[in-house]
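Below is one structure, written out as structure tokens; comments come after it.
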Amino acid sequence: MLVFDRVDYDYRQGEPVLRQLSFGIQPGEFVAVIGANGSGKSTAAKLMNGLLQPRAGEVRLGSLNTLNRDDLVRIRERIGLVFQNPDDQFITASVLDEVVFGLENLRVPRAEMSRRADAALRSVLMESYADSAPHQLSGGQKQRVAVAAVIAMQPEFLILDEATSMLDPQGRQELLQLLHGLHGQGLTIIHITHHMDEVLAADRVLLLSRGEMAYDGPPASLFSSDTIAGQPLELPFAARLYQALGLEVPVSADWKETIEQLWAMR
Ligand SMILES: Nc1ncnc2c1ncn2[C@@H]1O[C@H](COP(=O)(O)OP(=O)(O)O)[C@@H](O)[C@H]1O
Ligand SMILES: [Mg+2]
């Protein structure tokens, strides 16, 4: 289990960014993390895999603790991170090298390395691009390669920090399908996003507000709760339809079904 235990963080003294943040994420969950710009989502992501260390409190993964230098390598092997800008992720000249690069750092034996890299590229449907230069790919393809580079390391947790935000609708859709497929294979997904439609597909939503946890629960009750009212967040399409029709947003709804019903009523 990944645990935040009363975590405080600041970049400058006297300007707290995360305050007493506590939550646990169990293996196998699909968690969406939302919140206004500057609410601390990216900071929390970096604390999760030990890129940052808490000022107070602890971030633990099982018996590992990001405050212990000796634990950091193992934590980063188990928690992979994909960032927002696909162009910032690449350091090598080919798609295959990109996936192999992380494995070299882990000192995986050569035969095993190529087996894992091939499997990772296949699982993101990018095996036919192994020799391509990353800059020739679309944004969505780049993000899928970034995911392949992470999953080749066989992590337990995959964190995506607004990884869909620079993609066109098709690229976004393909990446989401991939995430749900990986989740089905047992990977724990932590998906930071501002697309509320993506939030609906998660098991659980964490809403950060000024570095504090404003909501932790299932997506359906978030969108009908008062919590969301004060947040600069866009409601999902179905909830906006309810409001536009002057109907109360239901506490719990199968949103896919709801959209279909409303569509049929038009
Ligand atoms: N490297 C940094 N140095 C100083 N302040 C930062 C840095 N990164 C983020 N911040 C500040 O921390 C707060 C939270 O930022 P961030 O975690 O990036 O939020 P989010 O990802 O939710 O937009 C913001 O006020 C931001 O300006
Ligand atoms: Mg961010």
| query | Once every DSSP H run of n ≥ 4 in the chain is given -39500 (n - 2.57) and the sum is divided by its residues, what mean residue ellipticity at 222 nm do you get, rounded to the nearest 500 deg cm²/dmol? | reply | -10500 deg cm²/dmol
| Mind checking the angle between helix 95-105 and the chain's longest principal axis? C-alpha axes, 0 to 90 degrees, to the nearest 10. | 70 degrees
| task | State log₁₀ I(q)/I(0) for the chain at q = 0.13, 0.16 Å⁻¹ as given by the Debye formula over alpha-carbon point scatterers of equal weight, solvent excluded. | result | -0.88, -1.24
| Under Karplus coefficients 6.51, -1.76 and 1.60, residue-wise ³J(HN,Hα) of segment 190-199 in Hz, glycine/proline x | 10, 10, 7, 7, 10, 8, 5, 5, 6, 5
| field | Radius of gyration, Dmax [segment 82-191; alpha carbons; angstrom] | value | 12.7, 39
| remark: Percent antiparallel among DSSP beta bridges confined to the chain, rounded to 5, stands at 50 percent
| request: Using only alpha carbon positions, build the gyration tensor of segment 28-129, then give the equivalent ellipsoid semi-axes as the square roots of 5 times its eigenvalues, largest first, whole angstrom. | output: 28, 19, 13
| message | Relative contact order of the chain, please, whole-number percent, based on alpha carbon pairs below 8 angstrom and at least 6 residues apart. | response | 23 percent
| query | Roughly how many whole Å is it from the C-alpha centroid of segment 1-44 to that of segment 52-96? | reply | 14 Å
| request: Using the heavy atoms of the protein chains and a 1.4 angstrom probe, tell me the accessible area per residue for segment 94-202 in square angstrom. | output: 44 Å²
| field | Pairwise centroid distance, computed over Cα atoms, of segment 179-193 with segment 197-228, Å | value | 17 Å
| said: Looking at the chain as a GNM with Cα springs under 10 Å, which of Ala111, Ala130, Ala148 has the largest mean-square fluctuation? | reply: Ala111
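The values are calculated or read from the model by the stated rules, or taken from the named source; none is laboratory data. Please read these numbers as outputs of a predicted model, since none were measured by experiment. Note: accessible area is taken over every heavy atom of the protein model, side chains too, but ligands, DNA and RNA are not part of it. Shrake-Rupley method; radii C 1.70, N 1.55, O 1.52, S 1.80 Å.
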